[in-house]
1. Could you check the stretch 172-218 and list, in sequence order, the residues that are within 17 Å of residue 142 (Cβ to Cβ) and touching a helix residue (DSSP H, G or I) at 6+ places or on another chain (Cβ under 8 Å)?
2. Could you tell me whether the stretch 107-122 includes any residue that is in contact (Cβ under 8 Å) with a residue 60 or more places away in the chain and within 30 Å of residue 225 (Cα to Cα)?
3. Of 156, 145, which residue is on the phi > 0 side of the Ramachandran plot and outside any loop (DSSP other than H, G, I, E, B)?
4. Going by the structure shown, is residue 137 out of contact with any helix residue (DSSP H, G or I) (no Cβ under 9 Å at 6 or more places or on another chain) and within 10 Å of residue 54 (Cβ to Cβ)?
5. Those residues that are within 17 Å of the chain's Cα centre (by Cα) and part of a loop (DSSP other than H, G, I, E, B), I need them from the stretch 105-133; list them, please.
6. Would you be able to tell me the number of residues in the stretch 232-267 that are farther than 20 Å from residue 156 by Cβ and surrounded by fewer than 19 Cβ atoms within 10 Å (Cβ to Cβ)?
7. Can we say residue 31 is under 30 Å from residue 254 (Cα atoms), in contact with a strand residue (DSSP E or B) (Cβ under 7 Å, 6 or more places away or on another chain) and either modelled with pLDDT of 95 or more or not in a loop (DSSP other than H, G, I, E, B) (or both)?
8. List the pairs whose first member sits in the stretch 214-235 and is in contact (Cβ under 8 Å) with a residue 24 or more places away in the chain, whose second member is loosely packed, with under 14 Cβ neighbours inside 10 Å, and whose Cβ atoms are under 7 Å apart, counting only residues at least 6 apart or on separate chains?
């Protein structure tokens, strides 16, 4: 499994497999599965709806949406990365569902006004230079009475159950600063309201991560921290050993808070 750091989703050509591994590993985490259930509940999907998934990645969630709306519906997954679009199309090949995957930019969606009954985005806004513009675009293409759901972590809430507090705090800061919008989770509610949505609701949930997932996310960052003398290689080895011990003994308790926000477009 490849390692690195989970930024740069706007351009993944140099290491597409890293990002695919990252997204696939996420799906095995119970807290992530809970976040997806919250998104689905807030979307209020029904047969026959038209749904847009902005930042569809490998297409796994888009395909599940297509199952929910059935053959009478329409589902479009949009991603900026051609590698992700290709992976999503491969995964959807065997599914006889109303789903298509297209390449596009969330800041300027190539759809007419009021095209979709539902619009969802998950872990996408955190990577954008202008997330407010993307939210406005999602609202623009939503039909009056339709629902927009945005879900993202807040990297400022990352926590590591390590006795090495300076290292844990430095790693948390590095994680947040390495993302285009590290505090996205807490800001989504504001963006949806500013875009004109009504009945805006926020549902938080805490995601506890496995050591395997933490290695995907943090290895590249910790390597950089060794290189710039923020920490040392022995300290990093001890950090991983401690987390692995915590996972074996049941006290790992390391994760992040996710915020899922929904709103309705006025008639």
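The values are calculated or read from the model by the stated rules, or taken from the named source; none is laboratory data. Worth saying up front: this structure is predicted, and the values here are computed from it rather than measured. Because the Cβ atoms are built from the backbone with ideal geometry, glycine has one as well, and the counts that use them run over all protein chains shown.
1. Within the stretch 172-218, 188, 191, 192, 194, 195, 196, 197, 200, 201 meet the criteria.
2. Initial filter on the stretch 107-122 (in contact (Cβ under 8 Å) with a residue 60 or more places away in the chain): 115-122.
Keeping just the survivors that are within 30 Å of residue 225 (Cα to Cα) gives 122.
Checking the stretch 107-122: at least one residue is in contact (Cβ under 8 Å) with a residue 60 or more places away in the chain and within 30 Å of residue 225 (Cα to Cα).
3. Matching residue, one of 156, 145: 145.
4. Details: out of contact with any helix residue (DSSP H, G or I) (no Cβ under 9 Å at 6 or more places or on another chain): yes; within 10 Å of residue 54 (Cβ to Cβ): yes.
Yes, satisfied.
5. Narrowing the stretch 105-133 to residues within 17 Å of the chain's Cα centre (by Cα): 105-107, 119-132.
Result: 105, 106, 107, 123, 124, 128, 129, 130.
6. Residues that pass the stated criteria total 20.
7. Numbers: under 30 Å from residue 254 (Cα atoms): yes; in contact with a strand residue (DSSP E or B) (Cβ under 7 Å, 6 or more places away or on another chain): yes; either modelled with pLDDT of 95 or more or not in a loop (DSSP other than H, G, I, E, B) (or both): yes.
Taking the combined requirement at face value, the residue satisfies it.
8. If the second residue must be loosely packed, with under 14 Cβ neighbours inside 10 Å, the pairs left are 216/1.
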